[in-house]
1. Within region 323-357, list the residues whose amide N lies under 11 Å from a label point set 7 Å along Cα→Cβ of residue 308.
2. Between residue 244 and residue 191, what is the FRET efficiency for a Förster distance of 25 Å, r being their Cβ-Cβ separation, to the nearest 0.05?
3. Let me have the relative contact order for the chain, percent, based on Cα pairs under 8 Å that are six or more residues apart.
4. So for 404, 106, fewest C-beta neighbours within 10 Å to most, what's the order?
5. Could you check the spin-label model distance between residue 22 and residue 356? Points 7 Å from the Cα along Cα→Cβ, value in nm.
6. Express in nm, to one decimal, how much length is gained between residue 107 and residue 396 on full extension, taking 0.36 nm for each residue of separation and deducting their alpha carbon distance.
7. For residue 114 and residue 136 in the same chain, what is the full-extension length gain: residue separation times 0.36 nm, less their Cα-Cα distance, in nm?
8. Report the residues of region 369-411 in range of a label on residue 64: point 7 Å along Cα→C-beta, backbone N strictly under 18 Å from it.
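Here, each number is a calculation from the coordinates, and none is a lab measurement. Nothing here was measured: the structure is a model prediction, and the numbers come from that model. Positions of Cβ are generated from backbone atoms using ideal geometry, with glycine treated the same way; all protein chains shown enter the neighbour counts.
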């Protein structure tokens, strides 16, 4: 079907495809750097990933340094319509120096900012509370040892300053997302003590106001992880309460909840009490396994809730998956484009008619419209989005992805 035919088909449903395309292209998605090197980072004295994080596979082409990672990202962005962001973890510093994490400074990330300016990208940031000797017990900000807590508090404080400087340099606030792996492998007897320590550490780390035009502080919960099966200190309830009390953003990661929970359902509930939300869009398989995002029911529900609840302006969308069994650049491209396809589908639904039917308790009309809308020519509108950006779809996309992969497989 041609785009003109698709546009007419949607118009019959009262949907303006041009308005939907315009809105879609205004939504930045933060691409996670850690897919490109299997969550290894570029510190010169790190160990393997920890904190329940594990990338499986050994597909050729892993980025070995910041220059290679940036080249891979440039290729990925060249196949993704719109203008987006990069989500950077603190252990991806680009320097010949060897600062420990409580000594990192903005200059260790300046090349990333220069590159982002050249590419027209925004930057987001994350303190790295794992893959370090002082996180070996899966305890950081809640550690009983005050000295270890002080180390991680200082790391987090410096990351806030770095993120704010990034936001100032790029003219767009950087989301500074805080996730810690803290928890217990077996059943603890004093959960309250650990949570009080985490709360106090967060308060110390977040002390001092920084301009909201430069930084958005966010906190991220988790259900459990490898080595913290019995109790996660920073649970959803803990961080939900903290975000409300302290006025931070709340991060909802699609892999950080029980498999039967709907993260899409949480959005409107959280939005009543929290001003800003951060999404980490992932595909859990059994638990937080971080598979590449598919255009599945979970993703479609998430996008529809963002659109129908009018939450796009209050939500930062970032991706979070890492798979070393497939081409890393292909994973980026496929994941971001699937997120965009889900958003586009939501924007192309007859929202007013559906809401009116529901408000009138006319569930028959709601159901019929919902099901019949599935036959609308969404793919033709997506193809138009890509054509306007001179980007391939279908088999042509695979050809481009394969060609780039061949060029980096010798690394």
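1. Only 346, 349-357 pass the distance filter.
2. For R0 = 25 Å, the calculated efficiency reads 0.80.
3. Working: 729 pairs, mean separation 83.9, N = 411.
Normalised by residue count, the contact order of the chain is 20 percent.
4. Numbers: 404 21, 106 15.
Listing 404, 106 from fewest to most nearby Cβ atoms yields 106, 404.
5. A separation of 2.2 nm, rounded to one decimal place.
6. Using 0.36 nm per residue and subtracting the Cα-Cα distance, I get 100.0 nm.
7. On the way: separation 22, 0.36 × 22 = 7.92 nm, distance 3.40 nm.
This chain segment gains 4.5 nm when fully extended.
8. Residues 405-411 qualify, since their backbone N sits under 18 Å from the label point.
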